[in-house]
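Each remark here refers to the structure printed beneath this line.
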Amino acid sequence: MPDGTELRDAKKAFRAAARERRAAYHREHGAGAGERLRDIALEAIALPRGGVVSGYLPIEDELDPLPLLAAAIDRGHAACVPVVQGKGQPLIFRDWTPGTQLVPGVFGVSVPAPSAPEWVPDLLFVPLLGFDRKGFRMGYGAGFYDRTLAKLRAERPVVAVGVGYAGQEVTAVPVGLHDEALDWIVTDREAIRIER
């Protein structure tokens with residue numbers, strides 16, 4: 001489907017409904033979800049030996065991946081979180097540990113300070129508003145992850161894992177030409193490997 005007005009409208013409507021669905025699910029099932037996510041992800045997905053794992057610092061009612069990132073660190077991996085550089089640019093990733101000092105970033109999201117080392121992740125745990133079993137996700141609309149995944153995949157193999165609540169699943173996400181598919185989706189209930 002080409003990117004056009006019809007697709008933009010479909011995505012806008014999808015995002016509004018997805019935010020409501022996520023908020024409702026979070027209220028009912030959010031307690032302990034980060035720990036359930038950690039256990040399911042670590043059982044299903046082999047982290048790259050000695051590799052760099054990225055997550056994200058959760059905002060609003062996003063599923064919290066920080067227990068998973070902390071477990072990756074405990075297993076000897078470097079962990080990092082995304083930093084927005086500016087509109088139309090791919091993300092960069094800065095070192096994160098549970099004690100990392102955070103500073104205000106773009107869109108009011110806290111990020112590691114500019115002095116934190118920069119990493120290139122081998123495996124990315126990616127936030128989302130909704131997902132389908134074909135491996136497509138709906139983000140917030142700025143295209144940061146699609147741009148970043150396209151850039152990383154052009155350089156070398158990386159694994160992209162969508163992270164969300166089971167209640168964020170839909171039959172089909174509206175997809176455009178530049179939407180990057182995921183390799184896995186992990187929820188608070190299951191890990192879904194995407195077959196290509």
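The values are calculated or read from the model by the stated rules, or taken from the named source; none is laboratory data. Note that this is a predicted model, so its numbers are computed, not measured. Virtual Cβ from ideal backbone geometry, glycine too; neighbours counted across all protein chains shown. To get the accessible areas, we keep the full protein, side chains included, count just its heavy atoms, and leave off ligands, DNA and RNA. Shrake-Rupley method; radii C 1.70, N 1.55, O 1.52, S 1.80 Å.
Output the residue which, of all residues in segment 20-44 that are open to solvent by less than 10 Å² (accessible area, probe 1.4 Å) and in contact with a strand residue (DSSP E or B) (Cβ under 9 Å, 6 or more places away or on another chain), is farthest from LEU129 (Cα to Cα).
Out of the qualifying residues, it is ALA41.
Would you check which residues across segment 37-52 are in contact with a Phe, Trp or Tyr (Cβ under 8 Å, 6 or more places away or on another chain) and under 20 Å from PHE93 (Cβ atoms) and list them?
Scanning segment 37-52 gives ALA41, ILE45, VAL52.
For residues that are out of contact with any helix residue (DSSP H, G or I) (no Cβ under 8 Å at 6 or more places or on another chain) and in a loop (DSSP other than H, G, I, E, B), tally how many sit in segment 1-37.
Within segment 1-37, residues that are out of contact with any helix residue (DSSP H, G or I) (no Cβ under 8 Å at 6 or more places or on another chain) and in a loop (DSSP other than H, G, I, E, B) number 6.
Restricting attention to strands (runs of 3 or more DSSP E) lying wholly within segment 154-196, give those where 1 or more residues are in contact with a strand residue (DSSP E or B) (Cβ under 6 Å, 6 or more places away or on another chain) and under 25 Å from GLU6 (Cβ atoms).
The strands (runs of 3 or more DSSP E) meeting that bar are 159-163.
Name the pairs: first residue in segment 34-62 and closer than 14 Å to VAL161 by Cα, second residue among the acidic types (Asp, Glu), Cβ to Cβ under 7 Å, at least 6 apart or on different chains?
Note: pairs meeting the criteria are LEU37/ASP188; ILE40/GLU190; PRO48/ASP122; VAL52/ASP122.
Give the residue that is farthest from ALA23 (Cα to Cα), with candidates limited to residues of segment 38-65 that are acidic (Asp, Glu) and part of a helix (DSSP H, G or I).
If we filter segment 38-65 for residues that are acidic (Asp, Glu), which is where we start, we get 39, 43, 60-62, 64.
Keeping just the survivors that are part of a helix (DSSP H, G or I) gives 39, 43.
Values: ASP39: 23, GLU43: 27 Å.
Once the filter is applied, the top-ranked residue is GLU43.
So, GLY141, is that one assigned to a helix (DSSP H, G or I), open to solvent by 10 Å² or more (accessible area, probe 1.4 Å), more than 22 Å from LEU47 (Cα to Cα) and not charged (D, E, K, R) or not?
The answer is no for GLY141.
Condition check: open to solvent by less than 10 Å² (accessible area, probe 1.4 Å), in a loop (DSSP other than H, G, I, E, B), out of contact with any Lys or Arg (no Cβ under 9 Å at 6 or more places or on another chain) and closer than 23 Å to ASP39 by Cα. Does PRO98 satisfy that? Give the derivation first.
Working: open to solvent by less than 10 Å² (accessible area, probe 1.4 Å): no; in a loop (DSSP other than H, G, I, E, B): yes; out of contact with any Lys or Arg (no Cβ under 9 Å at 6 or more places or on another chain): yes; closer than 23 Å to ASP39 by Cα: yes.
So PRO98 fails the test.
Here are some residues: VAL126, VAL111. Which one is open to solvent by less than 30 Å² (accessible area, probe 1.4 Å) and more than 27 Å from ILE194 (Cβ to Cβ)?
Of the residues listed, the single one that is open to solvent by less than 30 Å² (accessible area, probe 1.4 Å) and more than 27 Å from ILE194 (Cβ to Cβ) is VAL111.
For segment 132-145, does any single residue satisfy the condition of being touching a residue at least 12 places away in the same chain (Cβ under 8 Å) and farther than 24 Å from GLU60 by Cα?
Yes; the residues of segment 132-145 include at least one that is touching a residue at least 12 places away in the same chain (Cβ under 8 Å) and farther than 24 Å from GLU60 by Cα.
Does ALA150 satisfy being open to solvent by 10 Å² or more (accessible area, probe 1.4 Å), more than 17 Å from ILE185 (Cβ to Cβ) and either assigned to a strand (DSSP E or B) or modelled with pLDDT of 95 or more (or both)? If you could, list the steps in order and put the result at the bottom.
Details: open to solvent by 10 Å² or more (accessible area, probe 1.4 Å): yes; more than 17 Å from ILE185 (Cβ to Cβ): yes; either assigned to a strand (DSSP E or B) or modelled with pLDDT of 95 or more (or both): yes.
Against the criterion (open to solvent by 10 Å² or more (accessible area, probe 1.4 Å), more than 17 Å from ILE185 (Cβ to Cβ) and either assigned to a strand (DSSP E or B) or modelled with pLDDT of 95 or more (or both)), ALA150 qualifies.
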